[in-house]
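Scroll down for the structure; my scribbles are underneath it.
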Amino acid sequence: MEQASQPSNVNEKGPLLGGARQSKFAVFCGQHKLVLIPVTVMILLLPLLGLLALKKRHAHAMNFTSPVVYPSPQGYGAGNWSTAYQKAQSMVANMSFEEMNNVTMGVVDGSNGCVGVSGSAPRLGFPGYCLHDAGNGVRNTDGVNGYASGLHIGASWNATLAYERAQFMGAEFRRKGVNVALGPVVGPIGRIAEGGRNWEAFGADPYLDGILGAQSVIGLQESVIASVKHFVAYEQESNRNPIADSGNTILSTSANLDDQTMHELYLWPFQDLVYAGVGCVMCSYNRINSTYACENSKTINGLLKGELNFQGFVVSDWAGQHSGIPSADAGLDMAMPTTTYWNERQLEQAVNSGALNKTRLMDMATRIVATWYHLGQDQALALGAGMPPNLLLPHNYTDAKDPASKSSLLQQALEGHVLVKNLNGALPLDKPRVLSIFGYDATAQATYVPDGQLFPQSWEVIGLGLPQLEGIASNAPVPDPPEIQNGTLVVGGGSGSNTPAYISSPYDAIQARAYNDDTALFFDFTSTAPSVIASSDACLVFVNEYSSEVWDRPGLADSDSDLLVTNVASACNNTIVVIHSAGIRLVDAWINNPNVTAVLYAHLPGQDAGRAVAQILYGDVSPSGRLPYTVAKQASDFGTLLGPCQNQKNSLSPQCDFTEGTNVDYRSFLARNVTPRYEFGYGLTYTTFDYSGLEIAVNATVTPNATMVAPVYANGTTNDNSNNTNIVIGGQRSLFESVGTVRATISNTGKVAAAEVPQLYLQIPAKSSNSSNPTTRVLRGFQKVMVQPNETAQVSFNLRRKDVSTWDVVRQAWVVPSGKFQVFVGKSVLDTPLTGSFTT
Ligand code: BGC
């Protein structure tokens, strides 16, 4: 394996307009109206600065810089947005600047349970929006379902299921009076193993996130506006927000990354979701190359609205806005949940004074209203109807659940289970006479009721102490964050948590089986050294691994849970371990113990957790999940990508250099030649599959040097793409065109029906020598196919031009490189029985 070549000058930070400088500028504008002329001159000069910045970046492609990109591209109603834009433009034409200012900002509205409400223009019939969490179901209310979490759907590798889940979820949001569902999550992508929010996204790969995220957008947007988050390079919870520190402010961590890494890894899934038509993008808390994400003109103006031609609106993460006029100029359209920068008509005043271009304010309002029309929110219920602010007070109960969602909820729960070990046919269980059940995760948590005015977020359900809650409130590090939840873990914590209608626990479901099978059940849900009845046919141990927004995980395995497994295994030679896990969970403390006969990662299944795990344990259904991340043998095998960047020098400006480039998760293991315990894509079933018949029919031609492939978004030239027919929503049209297919035949050679997940990996020809990314294989296709015993299925992977392209930092374009592409088809990134190649 090649070694990661390090960028030559990784320590150079060269933001041409850093966050702090932009913020001061904003404050200055607010306080000193007399500086209008210099301000105007500066704004006029910005495009020039941008051009200089671009030149500089080309000369030093590996610099972690965030060049300015102005002016902000105006939405123009590309593609099927044209009707909505016409309507929005005529409404906004009748708005005063004050009204335009009003619709851009969050307002306090205590009459409903929405996590954010945006300003209205009642005179013109625009009521504003109810924005509400999140990607795994409607949160913090009654009458809704708790869906399988993002990571669980990632583990299902089932794009159809992702779509169906989002369809049901979106309809619930709509019935509750929500206009903008704050999901799905495709960032964090899972750069660091201990990342606190990795479980909210689908998995540690941009292609997987892009495909499943796009289907989620399509499903949600049949009812509401989806808000994909968090844009962009938001990979750790530690230092995610500024912290007040004895009169100073410690800024959010700066994710420092190069242009190629941005395109090929972190921007990649967002591009697929924009192409799928997402109406809203939430900018993140972190800084990117030293400039806050919500005032970063390179990422919002340049990448999102320019290169990807995004027509919807950009909303700040909650309290993620750190400046007034600079954030507006950088492309932020809406500030949530309230704002101190735009709340006193500052945008209106800035337009009147010339400090902000009128077209920008009009564009902000137009994008917000156009999205409302485009996604049918002009026909929606009243804001937050069906979501009372306080569930403890009398309210009308709005049941948003569709009875038809039941089978999908169970299917989601089933398909994210990944079986990684199964010795001597330990599973499935076959009418056991005696079963012993252990572990705090086997039964539902002891309480599940609202706590005070709001329904508790999961981090309160698990009983945080005062110091921890204080840490959350002040953005300071949370001391001793919990590693487990006492009770079946069906979802992670924080704003990505959901509100299950019920919690089916493993013990509940197994009890029902025991009744039918005449099985005797013995259990201990509290001890780490339980007594084991010697006649047990099997011992089931249920543990979990918790994770939440706000903190990164303190480790990848909880030692008490490991002790429990080891103790049970010392007395039971058929110990079966089930782990509800909100992310990577190491198992090497006991995985080689011969008495541990089977291990199932049960992830975060939502409210049907118990029902689903019982169907798998008893063999009604063969497990069909595959790991959407890499499990290492030991934590140190993750190298520098184990935990968050720490602000070790106690600097006021924490930095995090993404020197690994695109090599995260399995790419990192490949690039460093480290053997994992269980690799990305891995998972067992109750049958066996054979792979044959590889057919490669790819006709991708090398992008000629002369071809102008970059979208028109460069600084100072034009502010929209409206005259370029090669640009669609999502970017360059040709990127989404097919360049061919790879086919394979899958045979079920075992005795039971099961679903297989054939995966396609490509090794793209070596990139330029100044690249920070050594080439490893990358996921470029997957399918989920049910195959009956002795039958075969043909799978066909479609390759888009995007899938065979790399980002050329000098040409600022996606190019198909010349050379030999290696093709791997198989059951995981390391187990690829079919290999071949094509040449461009
Ligand atoms: C989270 C977002 C969430 C928002 C509203 C923020 O803390 O980062 O993901 O949507 O809160 O609850």
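The values are calculated or read from the model by the stated rules, or taken from the named source; none is laboratory data. Since this is a predicted model, take the numbers as computed values, not measurements. Don't worry about glycine lacking a Cβ; one is built from the backbone with ideal geometry, like all the others, and counts go over all protein chains shown. The protein model used for the area step is the full one, side chains on, heavy atoms only, and it has no ligands, DNA or RNA in it. Shrake-Rupley method; radii C 1.70, N 1.55, O 1.52, S 1.80 Å.
Working from Cα positions, state the angle (0 to 90°, nearest 10) between the long axis of helix 206-220 and the longest principal axis of the chain. Around 80 degrees separate the two axes.
With +1 on the Cβ of every Lys and Arg and -1 on the Cβ of every Asp and Glu, and nothing else charged, how large is the dipole of the chain about its Cα centre, in debye rounded to the nearest 20?
Details: 53 positive and 68 negative charges, 426 e Å.
So the dipole magnitude of the chain works out to roughly 2040 debye.
What is the helix-to-structure angle for 159-175, meaning the angle in degrees between its Cα long axis and the longest Cα principal axis of the chain, kept from 0 to 90 and rounded to the nearest 10? Taking Cα atoms only, the helix is inclined about 60 degrees. Only protein heavy atoms count here; under a 1.4 Å probe, L830 has an accessible surface of about 90 Å².
Each of W807, N748, S734 was scored by the projection of its Cα onto the charge dipole of the range 721-830, and the greatest displacement toward the positive side belongs to W807; charges sit on the C-beta of Lys, Arg, Asp and Glu.
Take every pair of alpha-carbon atoms less than 8 Å apart whose residues are at least six positions apart; their mean separation over the length of the chain yields a relative contact order of 17 percent.
Projecting the Cα atoms of L464, V185, L760 onto the charge dipole of the chain (Cβ charges, centred on the Cα centre) puts L760 farthest toward the positive pole. Taking all protein chains as they are arranged and a probe of 1.4 Å, the heavy atoms of Y682 leave approximately 50 Å² accessible to solvent.
When the square roots of the Cα gyration tensor eigenvalues are ordered a ≥ b ≥ c, the ratio a/c for the chain is 1.5 or more and a/b exceeds b/c, which makes its shape prolate. Taking Cβ atoms as reference points and 10 Å as the exclusive limit, the residues near G116 contribute a net charge of -2, counting Lys and Arg as +1 and Asp and Glu as -1. For Q783, what is the net charge nearby, where nearby means another residue's Cβ is under 13 Å from its Cβ and Lys, Arg count +1, Asp, Glu -1? Once positives and negatives cancel, what remains is +4. Per-residue packing, averaged as other Cβ atoms within 10 Å, sorts the ranges 731-739, 577-585, 693-701 into the order 577-585, 731-739, 693-701, beginning with the highest.
Simple rule: put +1 on each Lys or Arg Cβ and -1 on each Asp or Glu Cβ in the range 252-331, find the dipole, and look at C280, L303, S254; the Cα lying farthest toward the positive end is C280. Shape class for the range 104-162: prolate, because the ratio a/c of the largest to smallest gyration tensor axis (alpha-carbon atoms, square roots of eigenvalues) is 1.5 or more and a/b beats b/c. Helix 405-415 axis versus longest C-alpha principal axis of the chain: approximately 70°, rounded to the nearest ten.
Nothing charged except the Cβ atoms of Lys and Arg (+1) and of Asp and Glu (-1): what's the magnitude of the dipole of the range 487-582 about its Cα centre? Round to the nearest 20 debye.
Numbers: 2 positive and 11 negative charges, 14 e Å.
It comes to approximately 60 debye.
Charge tally around N567: other residues with Cβ under 15 Å, Lys/Arg +1 each, Asp/Glu -1 each, net -4.
What ranking do 244-250, 394-400, 139-145, 200-206 get when scored by the average of other Cβ atoms within 10 Å per residue, highest first? Walk me through the numbers on the way to the answer.
Values: 244-250: 10.4, 394-400: 13.6, 139-145: 23.4, 200-206: 29.7.
So the order, starting with the most tightly packed, is 200-206, 139-145, 394-400, 244-250.
Maximal additional length on extending the Y448-N798 stretch stands at 121.5 nm, based on 0.36 nm per residue less the C-alpha distance. Ranked by the mean number of other Cβ atoms within 10 Å of their residues, highest first, the peptides 650-657, 210-217 fall in the order 210-217, 650-657.
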